[in-house]
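The values are calculated or read from the model by the stated rules, or taken from the named source; none is laboratory data. Predicted model, so just to flag it, every value in this text is computed and none were measured. Glycine gets a Cβ as well: all are built from the backbone with ideal geometry, and neighbour counts include every protein chain shown. In case anyone asks, the SASA skips ligands and DNA or RNA and just uses the protein heavy atoms, side chains included. Shrake-Rupley method; radii C 1.70, N 1.55, O 1.52, S 1.80 Å.
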2 protein chains.
Amino acid sequence: MKLKLSSYWRSSAAFRVRIALNLKDMEYEVIPVHLLKNGGEQMSNAYGEKNPNHLVPLLEEGDHHIHQSLAIIEYLDEIQAEPPLLPKSALDRAWVRSLAMDIACDIHPMNNVRVLRYLKKLDIGNEARDVWYQHWIQLGLASLEKQLANDQRVGRFTCGDEPGLVDICLVPQLFNALSSKMDVSPYPALMRIFHECMKLPAFIDASWEKQIDAEGSNPAAPPQE
Amino acid sequence: MKLKLSSYWRSSAAFRVRIALNLKDMEYEVIPVHLLKNGGEQMSNAYGEKNPNHLVPLLEEGDHHIHQSLAIIEYLDEIQAEPPLLPKSALDRAWVRSLAMDIACDIHPMNNVRVLRYLKKLDIGNEARDVWYQHWIQLGLASLEKQLANDQRVGRFTCGDEPGLVDICLVPQLFNALSSKMDVSPYPALMRIFHECMKLPAFIDASWEKQIDAEGSNPAAPPQE
């Protein structure tokens, strides 16, 4: 059964699921949901019937609807084991999940479209909003850099030599960082992994400018081989 | 090997892990980390060595450190299968994970101590901060109520008749809601599950007033049998 993914080209949560689907080589149809136009298509009643959170992504498999990017990715990993997106040992799996959640729970939610909209209403000014945006990214990336800089589990990718759940979360978050013109030089371990990922079709094809609803290009130049 | 849990009595992420450990009947030592005193004990260098995110909870098992509450709970469920905290089928697991993440990714991070501190610096006033706090809870609980009100998978607890991952996340979030004097009458399905949970020692023993570092009582009266 063909999968359908409600997605927005710049949504990093949707971007994660696109990478996972590509890594698994699963066929899927992208249903664009424009998060900004007319207050956001995700706010419609029709979309809310499928995802009461009014957020992307949403995966449809026949009559089944699954939301929350990490729940979708764990699901994909359970229904199609190869290639695995999580390592085998319970300790390594915990480590990988914790790093993924460092991004998905502690960086990204703070910088969601709906939060930035709320901050706009608070009338704190554009500059303070930009500082807010970069603050949470910098805090989170600094912690990730510290965790990955000298860890023996790191290989070509975050956990070993195959891409997995952390890479899937890291790349979209770094797209946001690069797009906001942040200085990424404090994160050499993360940027090395980023460039490794961006050599792979699964990541390239999931990225901003490759989307059918794209309105701009990727913030990072394609890596030179 | 005895587990150690860095915890703060009111932290809902730590509260989740306490419930999970209790449901699994695993022995653990609580190491209190005061999140508010002197800018927060979690900000110390010594704590940062163990958890570079400077957040609670942190689980220590010998030399191994695991952070992020949901990663810890999945780990506990993998190393000790009984009682299971997640259902068996991949679709049900995805559903449970998505509901847990609705809380852990889309409600709670917005109302973390560090976010409330940041808002204080923005000088938007106490009232606007309270409105912010309740806004994200109301938005998230309304979505959860809609998802659980008529779902056939709901039993005595969120997924069937045994407590699991969603209940573990829901109860601490409702403690926060009750403590902030929010009107919880729009969430009858959630409150029914809450009261079922609060009949169980695993939830009662994990709750605010039962902690060795408690400075106050539970915001909900203990349920009458």
Does region A:165-178 contain any residue that is open to solvent by less than 10 Å² (accessible area, probe 1.4 Å), of a type in the set (Gly, Ala, Ser) and more than 21 Å from residue B:118 (Cα to Cα)? no
Which number in (1) more than 11 Å from chain A (Cβ to nearest Cβ); (2) assigned to a helix (DSSP H, G or I); (3) open to solvent by less than 50 Å² (accessible area, probe 1.4 Å) marks the one condition that residue B:110 misses? (1)
Only residues in region A:159-179 that are within 16 Å of residue A:149 (Cα to Cα) count as the first member; pair them with residues that are of a type in the set (Phe, Trp, Tyr), Cβ under 7 angstrom, at least 6 apart or cross-chain, and list the lot. A:167/A:157; A:170/A:194
Could you check, for region A:201-213, whether at least one of its residues is closer than 21 Å to residue A:112 by Cα, at pLDDT 95 or above and in contact with a Pro (Cβ under 6 Å, 6 or more places away or on another chain)? yes
Residue that is most open to solvent (accessible area, probe 1.4 Å) [pool: residues in region A:134-152 that are within 12 Å of chain B (Cβ to nearest Cβ) and farther than 14 Å from residue A:187 by Cα]: A:135
Out of (1) in a strand (DSSP E or B); (2) aliphatic (A, V, I, L, M); (3) surrounded by fewer than 24 Cβ atoms within 10 Å (Cβ to Cβ); (4) touching a helix residue (DSSP H, G or I) at 6+ places or on another chain (Cβ under 9 Å), the odd one out for residue A:91 is which? (1)
Taking the conditions exactly as written (touching a helix residue (DSSP H, G or I) at 6+ places or on another chain (Cβ under 8 Å), of a type in the set (Lys, Arg) and not assigned by TED's automatic domain parsing to the domain that holds residue A:145), does residue A:24 satisfy them or not? yes
Go through (1) outside any loop (DSSP other than H, G, I, E, B); (2) more than 9 Å from every other protein chain (Cβ to nearest Cβ); (3) not acidic (Asp, Glu) and name the single condition residue B:85 misses. (1)
Can you name the condition, by its number, that residue B:117 falls short on among (1) closer than 19 Å to residue B:12 by Cβ; (2) open to solvent by 20 Å² or more (accessible area, probe 1.4 Å); (3) modelled with pLDDT of 95 or more? (3)
So, residue B:99, is that one more than 11 Å from chain A (Cβ to nearest Cβ), buried (at least 23 other Cβ atoms within 10 Å of the Cβ) and of a type in the set (A, V, I, L, M, F, W, C) or not? no
If you go through A:192, A:156, A:114, A:129, the only one that is touching a helix residue (DSSP H, G or I) at 6+ places or on another chain (Cβ under 6 Å), among the basic types (Lys, Arg) and within 26 Å of residue A:20 (Cα to Cα) is A:156
